[in-house]
Amino acid sequence: MSFFNGNDLDSKRSIWVSWNKVLSSNEKRGLGVSSLFALNRALMFKLVWQFFNQRDSLWVRVIHAIHGVDGRVGRAENIGYTLIWCDIIKEMDRLASHGIDLISMMHKKIGNELNTSFWEDRWREEQRLKEAFPRIYTLEVNKHISVAFKFEQTSLSSSLRRMPRSGIESEQWDHLLDSLEGVMLNPSEYRWSWDLNGSGEFSVASARRYIDNNRLPDISSKTRWI
């Protein structure tokens, strides 16, 4: 018995249907079954989400001890040994290289920022501030300064070895100040928010849809599912 009939409702002739049509979402005129590829990667990324949001968990502290506080997320290219965690972050890097950047769907909600690096963590811009403003970063004396300590100083320039000069330094400095205007720290710890859910909470289903929607093609003609 075939589940897929032709576009003509009066036709009983069975036809072959592209598997991509079965996997593609309803918005792309597919059946919306979703792929095991996307499901597996979404489940992998759930561990990455938990890594960032369960900072006091024993397994997270172990990862911190081995790989540093960032767990080498987003910089797995130089890992030469094999561990489950290494395999997961390498796979996330591979997805990102194909335009499926799940990490970019996470954004930090500002808290007291005692443990957030001003320059090296992604907390304000899409990029880390050291990448967005490299000329200002070179002027920073304390490369690992926290957001909280930076804002406690009398001026954001207090920890720079000198004031930015004209040209690109001045432009980047002005842009940095503009991007930080209105930032208010609060007493609670920071948390991460997931952009693909209105609630801000991560779900495997939303990650799976995001992967498939960026990986599977649009279906050019509407298929009738009988």
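The values are calculated or read from the model by the stated rules, or taken from the named source; none is laboratory data. These figures come from a predicted structure and were not determined experimentally. Note that we place each Cβ from the backbone using ideal geometry, even for glycine, and neighbour counts take in every protein chain shown.
Taking the stretch 41-68 as the range and being surrounded by fewer than 16 Cβ atoms within 10 Å (Cβ to Cβ) and over 16 Å from the mean Cα position of the chain (by Cα) as the test, the residues that pass are Q54, R55, D56, S57, L58, W59, R61, V62, H64, A65, I66, G68. Within the stretch 175-222, can you find the residues that are assigned to a strand (DSSP E or B) and modelled with pLDDT of 90 or more? Passing the criteria: only W194.
Among the residues of the stretch 128-144, those that are modelled with pLDDT of 90 or more and either in contact with a Gly (Cβ under 7 Å, 6 or more places away or on another chain) or buried (at least 17 other Cβ atoms within 10 Å of the Cβ) (or both) comprise L129, K130, A132, F133, I136, Y137, L139, E140.
The number of residues in the stretch 124-169 being within 28 Å of R191 (Cα to Cα) and either of a type in the set (S, T, N, Q) or part of a loop (DSSP other than H, G, I, E, B) (or both) comes to 19.
Scanning the stretch 94-127 for residues that are modelled with pLDDT of 85 or more and touching an Asp or Glu at 6+ places or on another chain (Cβ under 6 Å) turns up just one, M105. Per the conditions (1) at pLDDT 80 or above; (2) outside any loop (DSSP other than H, G, I, E, B); (3) loosely packed, with under 12 Cβ neighbours inside 10 Å, the sole criterion not satisfied by F37 is (3). State whether the residues of the stretch 50-58 include one that is modelled with pLDDT of 90 or more and more than 30 Å from M184 (Cβ to Cβ). There is at least one residue in the stretch 50-58 that is modelled with pLDDT of 90 or more and more than 30 Å from M184 (Cβ to Cβ). Taking (1) among the acidic types (D, E); (2) over 16 Å from N214 (Cα atoms); (3) at pLDDT below 80 in turn, E27 satisfies each apart from (2).
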